[in-house]
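Everything on this sheet refers to the single structure shown next.
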Amino acid sequence: MTLKYLIQKEFLQIRRNAFLPRLIVIFPIMMMCVMPWVMNMEVKNIVVEVVDNDHSTLSQRLVQSIEASNYFIFNGLQPTYQAALKDIETSKADMVLVIPQDYSRDLTNGAHPQVLIAANAVNGTKGAMGNAYLSQIVTATVNPDVADIQSRVSTLFLYNKRLNYKVFMIPALLAIVMMLMCGFLPTLNIVGEKEAGTIEQINVTPVPKWAFILAKLIPYWLIALFVIVVCLILSWLIYGITCQGPLWLVFVLAMPLALFWSSFGLIISNYSDTMQQAIFVMWFFVVMMLLLSGLFTPTRSMPDWAYATTYINPMHYFIDGIRTVFVRGGGMQSILHQVLALCGISGVMACWAVMSYRKNS
């Protein structure tokens, strides 16, 4: 009965807050409507300049192939390599293609002319991908046999058949939304009551610590369920993307993650004296867990010492599991390891949250 009234108190505080109800509704909507369009790792709009020293029909055909590509923006012809390189140094161009003087003659005689590709690799991903795209165009022009072989190669994509990056990112957005909603809001809860002085009224009552902490956690679990439902509906309505596996497995993965972040937020608030301190500590851990979770880049590409941190990172287990269910259509057996790991980590954090609360604070 005590727990019931404590939970009722928490919902009354949320409802009377002029900002929180709007945030809970607007934030997932903005995340799902905006972020899938901008969180795109595909490299496009690479500015290319060409130095044509041959001025032949075949060299013009190569230039036209570059202009027709969807990945490049043709920035025009340059008279010399030095002039084109100057544009790279001033960020007016990303890549330079230099066609040699005897390009057409060598192709006619069956030789393979050497074409120079210079790429700005300050952005390593953009430079590497741009070089790969441009090399494919040059190879197809220089060696028609290779282009013919490539045209006959049939590639079968098993899951994300259209290579739609939104299919890859939308499950990860569920993790980000839950992390921010179920992490920061509980973090500010107890600290806010400390600054307002209302926590003292709870401390002098015989309310058990576990009941007080559980009353703080349950509202944010319900908020997490609401946020997930909103995100799934928007994913279907806006992008036509639905979960390929059993939908209930999404909630099986989400609830331990909500327990972890809400418990983690309460732990930070228990040890913090001011709201500013709690926000900075929470932000430190949020950024670290997010970047080391495999959200943007594969975890296997990390150094061994960084990859070792994924074993205790709940975001890694959730993102791996949710993509298995959402994209691949996996079942419970496919994500059993992730579910058990999330439950174990979340259980430890929930116990820590109860033990770290001091009623004499």
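Values computed for the structure shown
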read-out	value
Mean residue ellipticity (222 nm) of the chain, computed from DSSP H runs ≥ 4 via -39,500 (n - 2.57), nearest 500	-21500 deg cm²/dmol
Alpha-carbon Rg/Rh ratio, for region 46-152, with Rh computed the Kirkwood way	0.96
Compactness of the chain, expressed as Rg and Dmax over alpha-carbon positions, Å	27.5, 94
Magnitude of the charge dipole, region 72-143, Cβ model with Lys/Arg +1 and Asp/Glu -1, debye to 20	80
Phi to ³J(HN,Hα) by Karplus 6.51 cos²θ - 1.76 cosθ + 1.60 over region 175-190, Hz, x for Gly, Pro	5, 5, 4, 5, 4, 6, 6, 8, x, 6, 5, x, 4, 7, 5, 5
Cβ-based exposure ranking for 59, 269, in which fewest neighbours within 10 Å come first	59, 269
Helix axis angle, 20-38 relative to the chain longest principal axis, alpha carbon, degrees	20
Order of 90, 310 under a 10 Å beta carbon neighbour criterion, fewest first	90, 310
Gain in span if fully extended, residue 284 to residue 90, counting 0.36 nm per residue against the direct Cα distance	66.3 nm
Calculated FRET value between residue 244 and residue 340, using beta carbons and R₀ = 30 Å, to 0.05	0.85
Ascending count of other beta-carbon atoms within 10 Å, so fewest first, for 248, 221, 305	305, 248, 221
GNM top mover of 75, 189, 160 - the chain, alpha-carbon springs below 10 Å	75
0 to 90° range, to nearest 10: angle between helix 248-271 axis and the chain longest Cα axis	70
J(HN,Hα) series, region 310-322, from Karplus relation 6.51 cos²θ - 1.76 cosθ + 1.60, nearest Hz, glycine and proline x	5, 5, 10, 9, x, 4, 5, 5, 5, 5, 5, x, 5
Cα centroid separation, region 205-239 to region 50-102 (Å)	55
Candidate lysines for bridging to residue 209, where Cα separation is under 28 Å - those fewer than 8 sequence places away on the same chain excluded	4, 9, 194, 359
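All of the numbers you see were taken from the coordinates with simple rules; none came from a lab. If you're wondering where the values come from, they're calculated on a predicted model, not measured in any experiment. Cβ atoms come from the backbone with ideal geometry, glycine included; neighbour counts cover every protein chain shown.
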